[in-house]
1. Helix B:58-67 versus the longest principal axis of chain B: what is the Cα-based angle in degrees, 0 to 90, to the nearest 10?
2. Grab the other residues whose beta carbon is less than 9 angstrom from that of A:K38, score K and R as +1, D and E as -1, and report the net.
3. 7 Å from Cα along Cα→Cβ at both A:D32 and B:E66: what's the point-to-point distance in nm?
4. So what is the relative contact order for chain A, in percent, with contacts set as C-alpha pairs under 8 Å and at least six apart?
5. Taking 2.2 N^0.38 Å as the expected size of a compact globular protein, what ratio does the Cα radius of gyration of chain A give against it, to two decimals?
6. Relative to the present Cα-Cα distance, how much length would full extension add between A:H39 and A:E59 at 0.36 nm per residue of separation?
7. Assuming R0 = 22 Å, can you tell me the calculated FRET efficiency for the pair A:Q18 and B:M1, based on Cβ-Cβ distance, to the nearest 0.05?
8. Any lysines with Cα under 21 Å of the A:K62 Cα? List them, leaving off those in the same chain fewer than 8 positions away.
There are 2 protein chains.
Amino acid sequence: MPEYMDVHRGMDGITQEQLLEAHNANLAIQDDELLNCKHAWADPASGMVFCLSDAPNPEAVKKIRERAGHPVEEVYPVPVQA
Amino acid sequence: MPEYMDVHRGMDGITQEQLLEAHNANLAIQDDELLNCKHAWADPASGMVFCLSDAPNPEAVKKIRERAGHPVEEVYPVPVQA
């Protein structure tokens, strides 16, 4: 399954509790699109959030993020890794 | 040790070999700044590269990236994770 990194902006001040809540909202529905949300990293100061997932395609990432309340435009396939 | 995600742009067409070479160039000198480069993800289509490291501060990330030949401006602390 390909991996994708999606990037959210404007989440200034995001707390551990809020990120966990968002992550859990994704986990609750991710099976509908064969998504596997693996990890999320957030910077409350800049408002940047990075999410790493296995997914069949970028549309699956976008569908689940939108349904979970955090729509995203930036979804990058990351086939090259080190 | 805090974790940081640094973001590189314009690496269009980056190959597995090129990313590994860049990663190894960082590994070779990272101890000088107490940096620990943990993983890198790249999208050859968009030219985006994401790197996750342990580091004492963002300057350590910038110093090592510059010496390794890939200077970076975007270095985000990621204390909030899920």
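Each value in this text was obtained by applying a stated rule to the coordinates, not by laboratory testing. Since the model is a prediction, treat every value here as computed from it, not as a measurement. Here the Cβ positions follow ideal geometry from the backbone for every residue, glycine too, while neighbour counts run over all protein chains shown.
1. Its long axis makes an angle of about 40 degrees.
2. So the environment of A:K38 carries a net charge of -2.
3. Inter-label distance under the simple model: 4.8 nm.
4. Values: 155 pairs, mean separation 35.5, N = 82.
Relative contact order comes out at 43 percent.
5. 1.01
6. Working: separation 20, 0.36 × 20 = 7.20 nm, distance 1.84 nm.
Computed gain between A:H39 and A:E59 is 5.4 nm.
7. Computed FRET efficiency for A:Q18 and B:M1 comes out at 0.35.
8. Straight-line reach from A:K62, under 21 Å: A:K38.
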